[in-house]
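Below: the structure, in structure tokens.
The values are calculated or read from the model by the stated rules, or taken from the named source; none is laboratory data. Owing to the predicted nature of the structure, the values given are computational and were not obtained by experimental measurement. Here the Cβ is made from the backbone with ideal geometry for all residues, glycine too, and neighbour counts use every protein chain on show.
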Amino acid sequence: MTITLDIRPEIEVELEAAARAHGLTAEQYARQLLKKALASAGTKKPLSARIRQIWADMPDDVRAKLPADGASQRRAEAVWDADPADPGRPQRLRTAIIFPIESVR
């Protein structure tokens with residue numbers, strides 16, 4: 001398969017430099033990057049692990065704005081996609097919206 005991409009000049013320079021650093025051509029390096037991206041896309045982490053990562057990456061000033069006692073100060077609404085094999089059972093979370101309690105009263 002051949003894929004043609006239009007890449008901005010500054011991205012092309014970065015790609016070529018990274019490829020040279022790995023002893024590869026830009027095409028070989030781009031192929032490696034694509035394979036890694038596709039492999040990691042197939043290995044989804046559990047929700048709890050993703051939440052822990054989000055929490056760990058959250059800046060302290062943002063974390064400080066969260067309610068001290070958790071969800072009691074928030075109201076959440078979620079939209080789930082149905083499982084085609086079992087329409088009565090939610091399959092995955094599509095959208096979650098969290099409102100401050102004051103805004104929904």
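The table below lists the values:
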read-out: Selection count, the stretch 1-23, where residues are of a type in the set (A, V, I, L, M), exposed (fewer than 12 other Cβ atoms within 10 Å of the Cβ) and part of a loop (DSSP other than H, G, I, E, B); value: 3
read-out: Residues being modelled with pLDDT under 85, closer than 30 Å to T4 by Cβ and of a type in the set (A, V, I, L, M, F, W, C) - total across the stretch 28-84; value: 4
